[in-house]
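Working notes, structure below.
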Amino acid sequence: MKTKEELIDQLLDLAFAEDLGDGDHTTYSTIPADAMGRSRLIIKEDGILAGVDVAEKVLHKVDPSIKMEIFIKDGAEVKKGDVAFTAEGPVRALLIAERTMLNIMQRMSGVATMTRKYQDELKGLHTRVLDTRKTTPGMRMLEKEAVKIGGGTNHRIGLFDMILIKDNHIDFAGGIEKAIQRANDYCRENGKDLKVEVEVRSLDDIRRVLAHGGVDRIMFDNFTPDLTKEAVALVDGKVETESSGGITLENLREYGEAGVDFISVGALTHSVKGLDMSFKAF
């Protein structure tokens with residue numbers, strides 16, 4: 001299995017392959033090869049900054065000689081007009097790196113900004129906001145990192161690091177008990193130490209799960225806040241609880257006050273507007 005760093009490196013390879021092709025002919029034709037210069041990352045919209053560390057990887061992938069001076073770190077609140085960092089080095093390299101770096105930073109900062117809004121809505125409660133697998137293909141590691149930077153919590157990274165038994169698994173397996181039992185048997189037989197979560201659609205499902213056992217977390221799928229409160233009382237702390245489905249910033253607090261441990265929100269990564277910023281010579 002590839003490491004996070006290897007996956008990011010592959011992403012950058014692909015990003016430059018689709019952008020650079022056989023060369024940045026505009027830059028090559030207008031900028032002398034020995035020209036040196038400086039650019040600065042200017043924030044154009046209030047939000048949460050994310051992606052500074054990745055920006056350094058982008059710049060150094062184009063030219064390791066580029067020097068950065070960082071003024072604002074990941075996770076900080078930024079306002080329009082702030083300068084996050086400067087970069088100095090070959091002008092050609094700065095221009096080639098610009099768009100790829102901005103695309104990643106704008107996306108990550110948008111995710112971090114959205115996550116902060118959701119988590120702030122739960123202030124004073126023990127409930128944590130979770131991300132989902134509804135991410136941009138190839139960008140998952142960076143988007144999930146941005147969720148953490150914004151104050152949220154990562155759910156499973158992919159299909160490999162947790163067992164999440166959803167409605168289709170249950171239906172195909174022939175019932176909720178069979179699905180849970182098979183998951184536990186699979187882990188035991190294959191030496192896998194994985195947490196098991198199961199999605200439920202009713203209070204009766206919860207009773208069946210609790211009677212059977214073998215799970216670490218129960219996900220309440222498309223429950224109302226009132227039904228969620230009943231569900232939390234029924235679970236009574238025996239396992240972790242999570243709400244999912246139909247949850248927005250407007251009703252998030254109601255679900256948190258119902259007592260769930262986690263609320264998963266696909267909008268953190270699938271419906272995000274990038275934070276506006278630019279990389280300008282000075």
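The values are calculated or read from the model by the stated rules, or taken from the named source; none is laboratory data. What you see is a predicted model, and the numbers here were worked out from it, not measured in a lab. Here the Cβ is made from the backbone with ideal geometry for all residues, glycine too, and neighbour counts use every protein chain on show. In case anyone asks, the SASA skips ligands and DNA or RNA and just uses the protein heavy atoms, side chains included. Shrake-Rupley method; radii C 1.70, N 1.55, O 1.52, S 1.80 Å.
Table for the structure above
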{"read-out": "Residue-normalised accessible area of the stretch 130-266, given per residue in Å² at a 1.4 Å probe", "value": "48 Å²"}
{"read-out": "Glu230 paired with Glu254, simple spin-label distance in nm, labels 7 Å along Cα-to-beta-carbon", "value": "1.5 nm"}
{"read-out": "Portion, in percent, of the accessible area of the chain that falls on carbon or sulfur, probe 1.4 Å", "value": "49 percent"}
{"read-out": "The chain - percent relative contact order, Cα under 8 Å, separation 6 or more", "value": "22 percent"}
{"read-out": "Where chymotrypsin sites (Phe, Trp or Tyr not before Pro) fall in DSSP loop in the stretch 132-226, at most 14 other Cβ within 10 Å", "value": "Phe160"}
{"read-out": "Once exposed loop trypsin sites (Lys or Arg not before Pro) are cut out (DSSP; at most 16 other Cβ, 10 Å), longest piece of the chain", "value": "81-122"}
{"read-out": "Hits among lysines - C-alpha to C-alpha of Lys67 under 28 Å, sequence gap 8 or more where chains match", "value": "Lys4, Lys44, Lys57, Lys79, Lys80, Lys144, Lys148, Lys280"}
{"read-out": "With all protein chains modelled, accessible area of Asp74 [1.4 Å, Å²]", "value": "50 Å²"}
{"read-out": "Average accessible area per residue (Å²) across the stretch 1-69 - probe 1.4 Å, nucleic acids and ligands excluded", "value": "60 Å²"}
{"read-out": "Stokes-Einstein D for the stretch 1-70, Kirkwood Rh over Cα pairs, 10 °C, 1.306 mPa s (µm²/s)", "value": "108 µm²/s"}
{"read-out": "Separation of the Asn168 and Thr3 label points, Cα + 7 Å toward Cβ, nm", "value": "3.4 nm"}
{"read-out": "Cα long-axis angle, helix 225-235 against the chain (0 to 90 degrees, to the nearest 10)", "value": "60 degrees"}
{"read-out": "Cross-link partners of Lys178 among lysines (Cα-Cα below 20 Å; sequence separation of 8 or more within a chain)", "value": "Lys166, Lys192, Lys195"}
{"read-out": "Placed amide H near Ile165: partners under 5 Å, 5+ positions off or other chain", "value": "Glu197, Val198, Glu199"}
{"read-out": "Choice from Gly191, Gly259, Gly75 with maximal GNM fluctuation in the chain (Cα, 10 Å cutoff)", "value": "Gly191"}
{"read-out": "Against the rule of thumb 2.2 N^0.38 Å, how large the Cα Rg of the chain comes out", "value": "1.20"}
{"read-out": "Accessible area (Å², 1.4 Å probe, nearest 10) - Thr30", "value": "90 Å²"}
{"read-out": "Estimated 222 nm signal from helices in the chain, with DSSP H stretches of n ≥ 4 weighted -39500 (n - 2.57), rounded to 500", "value": "-14000 deg cm²/dmol"}
